[in-house]
Amino acid sequence: MRKVIYTEKAPKPIAAYSQGINVDNEIVTSGQIGIDLKTGNLVEGIEEQTKLSLKYNIAIIEAGGGLVKNIFQVMILLADMGLYRRVNEIYEQTLKPYFPKGDYPTRFVDGPKSLPKDALIEIMMRAKVKE
């Protein structure tokens, strides 16, 4: 079964895609960038963009009935691989409460030439609805 996920706690899609999809109790989020929900503009700096990208992915997963502890894959795109160390610190601080034993999800990081709206980071996730 396929169900589209939508939440007001994440930016509205800016093109032809859904925020997330639940297929057979697996949630996949679309890539999220650090857009301010009130203004629709990209926030400044890698720290704020990373925090918002993670926050929006978590909101979509929760709106689809998933739990953060059931995230099993994270994909990160960085406009500048020189930001990797700082992003990793923010990522770990944000997710550590959900994975206290250090059993983090798998992760993929890549550095394309550019991202939508000239964002510094874009993140998408996959999670199971139930354990």
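The values are calculated or read from the model by the stated rules, or taken from the named source; none is laboratory data. These numbers were taken from a predicted model, which means no experiment stands behind them. All Cβ positions, glycine included, derive from the backbone under ideal geometry; neighbour counts span all protein chains shown.
A few remarks follow.
- Given (1) under 24 Å from Asn70 (Cα atoms); (2) over 13 Å from the mean Cα position of the chain (by Cα); (3) without any contact (Cβ under 8 Å) to a residue 60 or more places away in the chain, index of the condition Lys130 fails: (3)
- Positions within the stretch 84-116 being over 18 Å from Gly31 (Cα atoms) and surrounded by 11 or more Cβ atoms within 10 Å (Cβ to Cβ), in sequence order: Arg86, Glu89, Glu92, Gln93, Lys96, Tyr98, Phe99, Tyr104
- For the stretch 78-94, residues that are part of a helix (DSSP H, G or I) and either modelled with pLDDT under 95 or under 15 Å from the mean Cα position of the chain (by Cα) (or both) total 7.
- Members of the stretch 95-119 that are hydroxyl-bearing (Ser, Thr, Tyr) and either out of contact with any helix residue (DSSP H, G or I) (no Cβ under 8 Å at 6 or more places or on another chain) or assigned to a loop (DSSP other than H, G, I, E, B) (or both): Tyr104, Thr106, Ser114
- Residue within the stretch 51-72 that is surrounded by fewer than 14 Cβ atoms within 10 Å (Cβ to Cβ) and under 15 Å from Thr29 (Cα atoms) present: yes
- Strands (runs of 3 or more DSSP E) contained entirely in the stretch 1-77, each with at least 2 residues that are closer than 13 Å to Ala119 by Cβ, in contact with a helix residue (DSSP H, G or I) (Cβ under 8 Å, 6 or more places away or on another chain) and touching a residue at least 12 places away in the same chain (Cβ under 8 Å): none
- When the stretch 47-91 is filtered for residues that are aromatic (Phe, Trp, Tyr) and within 15 Å of Pro11 (Cβ to Cβ), only Tyr56 remains.
- Hey, Arg126 assigned to a helix (DSSP H, G or I), within 16 Å of Ser53 (Cα to Cα) and among the basic types (Lys, Arg) or not: no
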